[in-house]
Amino acid sequence: DQQVKQNSPSLSVQEGRISILNCDYTNSMFDYFLWYKKYPAEGPTFLISISSIKDKNEDGRFTVFLNKSAKHLSLHIVPSQPGDSAVYFCAANYLYGNKLVFGAGTILRVKS
Amino acid sequence: DVKVTQSSRYLVKRTGEKVFLECVQDMDHENMFWYRQDPGLGLRLIYFSYDVKMKEKGDIPEGYSVSREKKERFSLILESASTNQTSMYLCASYHTGRYGSSPLHFGNGTRLTVT
């Protein structure tokens, strides 16, 4: 049973527009959420995170929104650039937990 | 910068072989992990270790074992490789604390093909 779900396997966006990647979770015990980005033939790299005590965290072009009541988070990339084309993984962690639970990933393609 | 190094980028092994995947990190991290990545399934945790000689099963440990004899090195062992273990294997580490303050650092992965 997937506790972290990324229901869109892929997303295609025009350069300069907004990319919105979505993630849903089922376990209300999750209290920390992270996004990782992965290029082919490389390991995932940490992008941005958010604690459950916040509903928004921003870092440059990347913003993560958390809606606890809906158990939903989203990653916004504005403006999207061709170099953003990658697989994006959503991940969640429990309070006092010691391992991340990952979603299946979303392939983002930014067209120039 | 944290460096997590996996010894092989690509491996091809035969069914029934014993396979060793090696991982070394250079930042004195206590915690090390082995994941496998498969299309549509994301990253699934196989085993992790929070100290030398300590190990814990992840979500899919069947068919695998691990070894952590030194703090910087974490090995994944496929006792008898099978075709359903063909996958991308990712090693990761982090310093003790919450993930938010010290996110996982991944190696570049080992693409294993079992024929």
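Details
- If you check A:Phe102, A:Phe33 for being aromatic (Phe, Trp, Tyr), in contact with a Phe, Trp or Tyr (Cβ under 6 Å, 6 or more places away or on another chain) and closer than 29 Å to B:Ile60 by Cβ, only one passes: A:Phe102.
- Some residue of segment B:63-86 being of a type outside the set (Phe, Trp, Tyr), surrounded by 14 or more Cβ atoms within 10 Å (Cβ to Cβ), within 21 Å of A:Gly43 (Cα to Cα) and within 13 Å of chain A (Cβ to nearest Cβ): no
- Residue match in segment A:72-88 (condition: aromatic (Phe, Trp, Tyr) and in contact (Cβ under 8 Å) with a residue 60 or more places away in the chain): yes
- Verdict on A:Ile77 being within 14 Å of chain B (Cβ to nearest Cβ) and either closer than 23 Å to B:Arg36 by Cβ or among the hydrophobic types (A, V, I, L, M, F, W, C) (or both): no
- Some residue of segment A:12-19 being out of contact with any Leu (no Cβ under 9 Å at 6 or more places or on another chain) and under 23 Å from B:Arg44 (Cβ atoms): no
- The strands (runs of 3 or more DSSP E) found entirely in segment A:12-112 that carry 2 or more residues being crowded, with 16+ Cβ neighbours inside 10 Å and within 13 Å of the chain's Cα centre (by Cα) are A:19-25, A:30-38, A:45-51, A:62-67, A:72-77, A:86-94, A:106-111.
- Enumerated strands (runs of 3 or more DSSP E) restricted to segment B:26-102, each holding at least 2 residues that are at pLDDT below 95: B:31-38, B:42-49, B:87-94
- Filtering segment B:2-25 to residues that are exposed (fewer than 15 other Cβ atoms within 10 Å of the Cβ) and not in a loop (DSSP other than H, G, I, E, B) leaves B:Thr5, B:Tyr10, B:Val12, B:Phe20.
- Looking across segment A:49-69, just one residue is at the interface with chain B (Cβ under 10 Å from one of its Cβ atoms) and either in contact (Cβ under 8 Å) with a residue 60 or more places away in the chain or of a type outside the set (S, T, N, Q) (or both), and that is A:Ile50.
The values are calculated or read from the model by the stated rules, or taken from the named source; none is laboratory data. Just so you know, these numbers come straight off a predicted model, no measurement behind them. Don't worry about glycine lacking a Cβ; one is built from the backbone with ideal geometry, like all the others, and counts go over all protein chains shown.
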